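Here is the structure we will look at, set down as structure tokens.
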Amino acid sequence: MFTNIHNFTLIVKYFQKIIQIFWGAKMKKLILFLIVTSLLVTSCDNDKSSNVVTIGGELFMAGEIKIPVLAGSYNNMGQQLGTLMGDDISQLYQAMVTEGAAELGLDFESLSAEAEILWDTVFPVWLQELCAGLSVTSGLTLEQIKVLQAYPVIIEYDVNCSVIILWGEYTLDGGLLFGRNLDDSTAVSFSGMVCVTVYKPDDGGHQFASIGFPGVFPVYSGVNDEGLCTAQNGAPMADVFNTPNLTQPWRSIKSFEWLRDYETLGDLETVYLNTPASVGCNYLAADTGTGICYETATDLIREREPDSTGLICETNHFVHPDLLLHTQMFYGSDTTSSTFIRRANLLNLAETYKGMFTMSTLIDSVLLVSEYQGGVMNNTVESYVIRPSDLTMIIAAPGLISTVTINLNDYFD
């Protein structure tokens, strides 16, 4: 764990070494006094511009999972994350962008040009502030950080991921369980870097956790302090009607805002149905009492009925009757695609363990079972189950030795 005092002491020692090299004894004391005074003022002022390092934030470990806890303004939270996890973020950038782009035949200049367009069109002020703060302390430039945010969207990524939501008669105690597999073949090699980033914004919003990679601010999987869970799966992304438009709001960016701003599914429903989509996706959400699925094309959004009372299983095709044309146009006549197999498996296993589901049952007997019988694929990056009622999470990843249990209440105020 890193604390304000710990970071402050490290900075003072750093300047002491510099002073010893260049100045005599009398000048040492005067200059060190001025530097320490400046740092004390900086550490108490959250409104300084992005070129001032503001100390703060804490880093925890739960098993092998790193949990950076960030608080304050968006710029300050970006700076805190860079201070706490700068080396991890640089390693992620190297693996995801530098090496990943080379494997795909993409050059940095073209990625940067696309990221710059997105920065100007869809990156809201809070995201720009997080990125600006991160660039101060992480060792990456702002240009590199822009690419890091945009990279998962602008590359040709896999249409994968699975979600299963269970409640009522399906679980042992009747409480809701939210299960998720995040799949991406471009990220499997660094799945051991998965972390849980906790945000405590000072603008009056909810505290929430993003489950993913350090330094990637759009939220692909998350939960807030009220137990509102969100996740998005890939889905039919491109056909004559369902045309990608990355200048429309990204669901991963909106998820950051929705987790910050809302408490229940009722809060989310109206705004979701009236928010245009950038690409096709299946968007899953749940609170402590029930779950919901929005099948989302760029030309049409539909809330899908549960598969059964207390059960939602969703993979990477549309099931709602109004959206079947998109599924047919994207997958053609291939009913052997993994998305159909995994959904059938999830439905079958849900009935097999009906009334017996606990968190352990869901992750061990469904999410971590091979796609030929369950939900996990050879490109699964992370698997987790959240129990919103008490904010307990179990998470697993190929790069981790074992599953990790986290009580998120320990990190929320």
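The values are calculated or read from the model by the stated rules, or taken from the named source; none is laboratory data. Treat the numbers as computed from the prediction; the structure is a model and nothing was measured. Here the Cβ positions follow ideal geometry from the backbone for every residue, glycine too, while neighbour counts run over all protein chains shown.
Quick notes on this one:
- Among residues of the stretch 313-333, those that are of a type in the set (Asp, Glu) and closer than 23 Å to ASN181 by Cα, counted: 1
- Test: residue in the stretch 264-280 that is over 23 Å from MET329 (Cα atoms), under 18 Å from the mean Cα position of the chain (by Cα) and not aliphatic (A, V, I, L, M): no
- The residues of the stretch 376-408 that are touching a residue at least 40 places away in the same chain (Cβ under 8 Å) and of a type in the set (S, T, N, Q), listed by number, are ASN378, ASN379, THR380, SER383, SER389, SER402, THR403, THR405.
- Residue-level check: of (1) out of contact with any Leu (no Cβ under 9 Å at 6 or more places or on another chain); (2) crowded, with 23+ Cβ neighbours inside 10 Å, GLY332 misses just (2).
- First in the stretch 134-147 and over 11 Å from GLY215 (Cβ atoms), second anywhere and of a type in the set (Asp, Glu) and surrounded by fewer than 23 Cβ atoms within 10 Å (Cβ to Cβ), Cβ under 7 Å, 6 or more apart: LYS146/GLU116
- Per the conditions (1) surrounded by fewer than 23 Cβ atoms within 10 Å (Cβ to Cβ); (2) under 21 Å from the mean Cα position of the chain (by Cα); (3) β-branched (Val, Ile, Thr), the sole criterion not satisfied by THR380 is (1).
- Within the stretch 291-396, strands (runs of 3 or more DSSP E) holding 3 or more residues that are farther than 30 Å from ASN245 by Cβ: 380-387, 392-396
- Top-ranked residue in the stretch 362-375 [being in contact (Cβ under 8 Å) with a residue 24 or more places away in the chain and surrounded by fewer than 18 Cβ atoms within 10 Å (Cβ to Cβ); ranked as nearest to the chain's Cα centre (by Cα)]: LEU368
- Only one of the listed residues (LEU259, LEU284) is aliphatic (A, V, I, L, M), touching a residue at least 12 places away in the same chain (Cβ under 8 Å), surrounded by 24 or more Cβ atoms within 10 Å (Cβ to Cβ) and assigned to a strand (DSSP E or B). That residue is LEU284.
- The sole residue among ALA277, ALA297 that is of a type in the set (A, V, I, L, M), surrounded by 22 or more Cβ atoms within 10 Å (Cβ to Cβ) and touching a Gly at 6+ places or on another chain (Cβ under 7 Å) is ALA297.
- Enumeration of residues in the stretch 156-177 that are farther than 30 Å from ASP287 by Cβ and either among the hydrophobic types (A, V, I, L, M, F, W, C) or in a helix (DSSP H, G or I) (or both): none
Each row is one residue, and each column tells you yes or no for (1) out of contact with any Pro (no Cβ under 8 Å at 6 or more places or on another chain); (2) of a type outside the set (Gly, Ala, Ser).
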| site | (1), (2) |
| --- | --- |
| SER191 | no, no |
| CYS195 | no, yes |
| HIS206 | yes, yes |
| ILE211 | yes, yes |
| PRO214 | no, yes |
| VAL219 | yes, yes |
| LEU228 | no, yes |
| ALA235 | yes, no |
| GLN248 | no, yes |
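- Candidate set: the stretch 261-286, residues that are charged (D, E, K, R) and more than 22 Å from VAL319 (Cβ to Cβ); chosen: the one modelled with the lowest pLDDT: ASP267
- Just one of the numbered conditions (1) buried (at least 19 other Cβ atoms within 10 Å of the Cβ); (2) in contact with a Pro (Cβ under 9 Å, 6 or more places away or on another chain) is not true of THR137: (2).
- Filter result (under 25 Å from VAL188 (Cα atoms), of a type outside the set (Gly, Ala, Ser) and touching a residue at least 60 places away in the same chain (Cβ under 8 Å)) within the stretch 207-219: ILE211, PHE213, PRO214, VAL216, PHE217, PRO218
- So VAL163, is it at pLDDT 95 or above, in contact with a Leu (Cβ under 7 Å, 6 or more places away or on another chain) and crowded, with 24+ Cβ neighbours inside 10 Å: yes
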